[in-house]
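Just so it is clear, none of the values below were taken in a lab; they were calculated from the coordinates. Remember, it's a predicted structure, so these values are computed and weren't measured experimentally. No Cβ is skipped: glycine too gets one built from the backbone with ideal geometry, and neighbour counts run over all protein chains shown.
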Amino acid sequence: MTQYQTFEHDVIVIGAGGAGLRAAIEASANGASVGLICKSLLGKAHTVMAEGGMAAAMANVDDRDSWRVHFADTMRGGQYLNNWRMAELHAKEAPSRVRELEAWGAVFDRTKDGKILQRNFGGHRYPRLAHVGDRTGLEMIRTLQDHGIHQGVEVYMEVTVITLLKDGDRIIGALAYDRERGRFKIFKAKAVVMATGGIGRAYKISSNSWEYTGDGHSLAYHAGAELMDMEFVQFHPTGMVYPPSVRGILVTEGVRGEGGVLRNSEGRRFMFDDIPDNYKAQTADNEDEGWRYVEGDKNARRPPELLTRDHVARCIVHEVKAGRGTPNGGVYLDIAWIKEKVPNGAEHIKKKLPSMYHQFKQLADLDITTTPMEVGPTTHYVMGGIRVDGDTQMSSVPGLFAAGECAAGLHGANRLGGNSLSDLVVFGKRAGEFAAKFAKENGDGKINDEEVAYATKQVLQPFNRTGGENPFQIQHDLQEMMQDLVGIVRTGDEMIQARDGIEKLWNRTDNTFVSGNVEFNPGWHTSLDLINLLTVSEAITLSAIERKESRGAQFREDYPAKDPEYGKFNIVVKKDSDETMKLSRVPMKEMSSELKAIIEEMG
Ligand SMILES: Cc1cc2nc3c(=O)[nH]c(=O)nc-3n(C[C@H](O)[C@H](O)[C@H](O)COP(=O)(O)OP(=O)(O)OC[C@H]3O[C@@H](n4cnc5c(N)ncnc54)[C@H](O)[C@@H]3O)c2cc1C
């Protein structure tokens, strides 16, 4: 019998962001006893940082919108590598999930006639993002937490899961430690939902918080699950570039949705120079038309600043490399110019983008109502994640479910802005429902005490050494390497260097040394994060080497064109019996004729 404190639930959900909270609510509503574990305080999950809004074809602002257009936009944005079943469910169910949040108390911005207001965003044909100023994530988290409390969900805060526990093939719980006292805890469950978010901290410049160390991806991988599409890391075009201490912090796409334009050091709106063929029909080719779109003219096409993120990020890199960047290596994002067009322009900007106004005022001493911002790409989101069934969200490991950013499928090669918040609630709900069902249909598993003893011994190793590698130094070296060698513009040679570098970092990680004891010890926490960071970095690098083409978020200088052959499969990695990472190409499923017809119709 294990000596560690043990908790028992039908379903445990790991992660208390939008996906985890929604899954917990649904599992509980389906009669399961639910434990919700998060490594920071409740309310601090990354979802709270979401700004621009959640995409749902409610057609409140433009009645031409529908689930069919949203589906086609998502597939085009993802360059058709998306799990089309997930894209279909997402487009169909997102409006109900938004209305549900409203019914649970979320206070969205309103149209003049009292409907939920929707704003423009990159890659969405019509205004589609339900929002609360630029603080939509905060409202989502607040609403889901308030609602979740009434469902009797048990919350375990500041607890980090370090291993998933199995009985045979099936997941039956998790081993964790509490961050404050460093004590181990066992969570026994009939089903586990992973909702741990992303991986951005594998890179040096990132919009992501300290929590984004790829834990869920890595835990699932080491438990036998498959990771898919890991080569697709989204670099958001607009992060802050100055001052250096805040480099990478996000500047929401909402700025461009409200009329913000990108200019190079010569003052030129360079986004008009390169409009991809598959977006030409939908994109304005002059400044006047672009502004009319922002104002809501239904006959106007959207400005090129609202092209997909992968493309805008590359155009910015191109300008900077061509010597037309700002003094700090970015380009200018100008929202102040709309004062020429909008009465009370400064007040309008502050009302629409309050967080951006304060962010620049406080962090850069810059007033965005008078002065253009300096911006450049920042690591923002990972499209790759745990491979799941589109309907149930179960992974290939029985009893292990995943939703939100740590799951793969919906976004394909590139995510459209706003499609994450809706992803969280659509697939969080589904994961919770099917995890509860699985728990009902399957009995208890048996915790293997030897497995627990082995895992705890392993994670305490850094304390047993008398000297060795500093975990912070390894993390720093990894971030530099991923940024330089597996970033926005990639080549095979550089990625092979990164692959070899990762192997060396794995060897150094076997020799980490941490002083002190297990009570709140950031050095120890980082030594454990390294396993996750290296696992996801290896998956990203190997998958990116395998994809010898440019598509969506992956741009390869040595293979700059899209290759139709690579549009026929997803790249999947799995842990092999010899513990190495094994790659495979998994053919895409044939799309239903109804969905094919929608894509053809939307052009
Ligand atoms: C600045 C910013 C703005 C954004 N704006 C938008 C937007 O406007 N619209 C949009 O659609 N998307 C936006 N995104 C993306 C979106 O916010 C995220 O993709 C989304 O919130 C992820 O939600 P999640 O529920 O998957 O994970 P998160 O909200 O990140 O939650 C992860 C949870 O997992 C827990 N966790 C992680 N590892 C462990 C572990 N080992 N043990 C226990 N718990 C663990 C964490 O503590 C946390 O509770 C934005 C992202 C950023 C960075």
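Annotation: aspartates and glutamates with alpha-carbon distance below 16 angstrom to LYS568 (same-chain offsets under eight excluded): ASP229, GLU231, GLU546, GLU549, GLU590.
Based on alpha-carbon atoms, the Kirkwood radius and the radius of gyration of the stretch 60-133 give Rg/Rh equal to 0.99.
How many lysine pairs does the stretch 400-476 hold where the Cα atoms are under 27 Å apart and the two sit 8 or more places apart or on different chains?
Working: LYS429/LYS437; LYS429/LYS440; LYS437/LYS446; LYS446/LYS457.
Pairs that pass both the separation and distance tests number 4.
The charge dipole of the chain, taken about the Cα centre with unit charges on the Cβ atoms of Lys, Arg (+1) and Asp, Glu (-1), comes to about 680 debye, rounded to the nearest 20. Computed with the Debye formula from one identical point scatterer per Cα of the stretch 358-439, without solvent, the log10 of I(q)/I(0) at q = 0.22 Å⁻¹ comes to -0.96.
Gyration tensor over the Cα atoms of the stretch 253-352: the corresponding equivalent ellipsoid has semi-axes (square roots of 5 times the eigenvalues, largest first) of 22, 18, 10 Å. Ellipsoid fit via the Cα gyration tensor, the chain: semi-axes of 37, 27, 24 Å, each the root of five times an eigenvalue, largest first.
With a cut-off of 9 Å between beta carbons, the residues surrounding ASP558 carry a summed charge of +1, where Lys and Arg count +1 and Asp and Glu -1. Relative contact order for the stretch 160-307: 12 percent, from Cα pairs under 8 Å spaced at least 6 residues apart, divided by residue count. Mean separation of Cα pairs under 8 Å and 6 or more residues apart, divided by the residue count, gives the chain a relative contact order of 22 percent.
In the chain, the calculated helix contribution to ellipticity at 222 nm averages -11500 deg cm²/dmol per residue, counting -39,500 (n - 2.57) for every DSSP H run with n ≥ 4.
Run the dipole for the stretch 383-542 about the Cα centre, Lys and Arg Cβ at +1, Asp and Glu Cβ at -1, nothing else charged, and hand back the magnitude in debye, nearest 20. Before the final figure, lay out the partial values.
Working: 13 positive and 22 negative charges, 69 e Å.
Charge dipole of the stretch 383-542: 340 debye, to the nearest 20.
In the chain, the longest principal axis of the Cα atoms and the axis of helix 354-364 are about 80 degrees apart.
Mind checking the dipole of the stretch 1-152: about its Cα centre, +1 per Lys or Arg Cβ, -1 per Asp or Glu Cβ, Debye to the nearest 20?
Numbers: 18 positive and 17 negative charges, 77 e Å.
That gives a dipole near 360 debye.
Principal axis extents of the C-alpha atoms in the stretch 24-99 (largest first, rounded to whole Å): 41, 29, 29. Scaled to the globular estimate 2.2 N^0.38 Å, the Cα spread of the stretch 117-200, given as radius of gyration, is 1.55.
Seen against the Cα atoms of the chain and their longest principal axis, helix 419-441 is set at about 30 degrees. Of the cross-linked pairs LYS112/LYS298; LYS204/LYS351; LYS92/LYS190; LYS92/LYS589, those separated by over 25 Å at the C-alpha level are LYS204/LYS351; LYS92/LYS190.
Its convex hull of Cα atoms gives the stretch 456-526 a direction-averaged projected area, equal to a quarter of the hull surface, of 5.3 nm². The mean sequence distance of close C-alpha pairs (under 8 Å, at least 6 residues apart), as a share of the length of the stretch 140-233, puts its relative contact order at 17 percent.
Send over the Kirkwood Rh of the stretch 119-163, from the inverse of the averaged 1/r over different Cα pairs, rounded to one decimal Å. Walk me through the intermediate numbers first.
On the way: mean 1/r = 0.0736 Å⁻¹.
This gives a value of 13.6 Å.
With bins 10 Å wide beginning at 0, the percent of Cα pairs of the stretch 458-603 falling in each bin runs 10, 30, 27, 18, 10, 4, 1.
Inter-part distance, the stretch 200-252 to the stretch 467-545, computed on C-alpha centroids, equals 13 Å. What the Cα convex hull of the stretch 174-234 gives, in volume per residue, is 114 Å³.
Equivalent-ellipsoid semi-axes (√(5λ), Cα gyration tensor) for the stretch 125-264, whole Å, largest first?
Numbers: eigenvalues 230, 81, 53 Å².
Gyration-tensor ellipsoid for the stretch 125-264: 34, 20, 16 Å.
A Cα-only calculation for the stretch 294-411 places Rg and Dmax at 19.7, 59 Å.
Taking the chain as the reference, fit the longest principal axis to its C-alpha atoms, fit the long axis of helix 67-77 to the helix C-alpha atoms, and give the angle between the two in degrees, 0 to 90, nearest 10. Helix 67-77 sits at roughly 80 degrees to that axis.
Percent antiparallel among DSSP beta bridges with both residues in the chain, to the nearest 5? Walk me through the numbers on the way to the answer.
Working: 45 of 70 bridges.
If we restrict to bridges inside the chain, about 65 percent are antiparallel.
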